[in-house]
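The structure appears right after this line, and notes come after that.
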C-alpha cells in the first residue's frame, strides 16, 4: 500500500513511512526491539546492523516526520535537547550562533552553559527585528537558531525574511517548530534549512514519551547528523518511536481541537479583569498576528498570559487548578499550566528574564482537548483563589 503522490498531510500523518509488515501483513508497524541484526557476512545485511546505528521502527518514524515537514532527511533523537545538541555538534570551536532571545530555558542552557565551554559562541537577539538580527551577525556566524512561536512569550518571527537574509550571507537557519507542528507551519517551505522538534510535545501528544528530531533537505548535513546520532548514541528506543508514530496518527484532529479551544480561551482571558496581558498569535492585538496569519495555518494551542499581582498570586492560581495540571511540558491531550520564571525558564538569569518580560505573574498554558467550558471554569477557580482568598 503506497501513499499516492499529492496525498494531504492529514493522510500522511497516518501512512507516511509505514507499510503493512511484509512478513505478517500487520497493518500497525511492529516494534523491532532487537539490539543487533543478523548479517549474511561481514557488512552484508538488510540495511540494519546495530540499533544505535539504525532500527526499523526508528527509520519509519524518521521517514514519517521528514514527509510531514517536506524534508528529504529525518534524524530522530532521544529528546528535543539531544536534537539541538546534535545540530551544534556539527559546528566547530570558534563558530558563532545567532539565537532568538526568547527561547526555551533548556535551549538557553545548552547554548550558555554546555557548548560555550567548547568554544561555540552565542548571541541572543530579538529576531522580530530582522535588521537588528542581521547586524548582530559576525564573520564567524555559522547558524541562526529561532523558535516561532517562541517559548514562552509566543513571539512570531518572519521565517521567510530571516531565512532569505541569512542565506544571502551563507548562513543556514534552524527553526524549532515544536509549538506549531507541521500541521500549522512548514519552515523548510519558507526557506529554512533545518527544522527541529521536541517530539515529546504535540507530535506524540500524550505526555508519555521523550524524544526529538531534526529534519532537513541538506544531504551533507544529514550525513553529519547521522554520524553524530550513531557516534554519540542519543537515540530514542524503538518503543518510544512507536509511541510517537501512534501519536502522529491523530495529530491532525488534535491540532484542530487545540487551536479551536485555545482561540476561545485566549479571547476570554483578554477580557478578564485580572489579566494584565495575553500573548496569543490568534489575537488581532498580538504584534506578530499578521505574520502568523501569513505563514501559519492556525495560531496554535499555547497561550501565555500575565495576571495581576506577582509571585504569590501566580503560585496560588496554579495550586488552585483542578483540571489543568501544574506541570512542565506541553502539547498533550491534557491541559498543563506552568510558571516560566521558576520552572521552564529558571535557568535564565533574573535580569534576562525581566528584560524579556518573563515576570513573576506570567503563566504559560498548554490548552488540551478538554471541554472549553470546563477549562474556563477551572481557570476562574484559580483567579478566585488568587484574588479573593477563596478556599477552593
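In table form, for the structure just shown:
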| item | result |
| --- | --- |
| Residue 237 being surrounded by fewer than 24 Cβ atoms within 10 Å (Cβ to Cβ), in the same structural domain as residue 28 (by TED's automatic domain parsing), more than 18 Å from the chain's Cα centre (by Cα) and at pLDDT 95 or above | yes |
| Residue satisfying condition, being farther than 25 Å from residue 156 by Cβ, buried (at least 23 other Cβ atoms within 10 Å of the Cβ) and outside the structural domain of residue 188 (by TED's automatic domain parsing), within set 317, 383 | 317 |
| Pairs with Cβ under 6 Å, 6+ apart, first in region 37-50 and closer than 17 Å to residue 230 by Cβ, second exposed (fewer than 12 other Cβ atoms within 10 Å of the Cβ) | 50/36 |
| Residue in region 320-333 that is surrounded by the most Cβ atoms within 10 Å (Cβ to Cβ), counting only those that are on the phi < 0 side of the Ramachandran plot and touching a helix residue (DSSP H, G or I) at 6+ places or on another chain (Cβ under 9 Å) | 324 |
| Set 358, 303, 363, 323: member being touching a residue at least 60 places away in the same chain (Cβ under 8 Å), closer than 30 Å to residue 244 by Cα and not assigned by TED's automatic domain parsing to the domain that holds residue 181 | 303 |
| Members of region 51-74 found to be buried (at least 21 other Cβ atoms within 10 Å of the Cβ), touching a strand residue (DSSP E or B) at 6+ places or on another chain (Cβ under 9 Å) and in contact (Cβ under 8 Å) with a residue 60 or more places away in the chain, listed by number | 58, 61, 62, 64, 65, 66, 68, 69, 71, 74 |
| Pick from region 245-258, criterion buried (at least 21 other Cβ atoms within 10 Å of the Cβ) and in contact with a helix residue (DSSP H, G or I) (Cβ under 8 Å, 6 or more places away or on another chain), ranking: nearest to residue 372 (Cα to Cα) | 255 |
| Qualifying residue in region 286-299 (condition: under 21 Å from residue 359 (Cα atoms), buried (at least 16 other Cβ atoms within 10 Å of the Cβ) and touching a strand residue (DSSP E or B) at 6+ places or on another chain (Cβ under 6 Å)) | no |
| So residue 294, is it at pLDDT 95 or above and under 20 Å from residue 186 (Cα atoms) | yes |
| Condition check for residue 33: crowded, with 20+ Cβ neighbours inside 10 Å and over 26 Å from residue 193 (Cα atoms) | no |
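The values are calculated or read from the model by the stated rules, or taken from the named source; none is laboratory data. In this text, all values refer to a predicted model and were calculated from it rather than measured experimentally. Don't worry about glycine lacking a Cβ; one is built from the backbone with ideal geometry, like all the others, and counts go over all protein chains shown.
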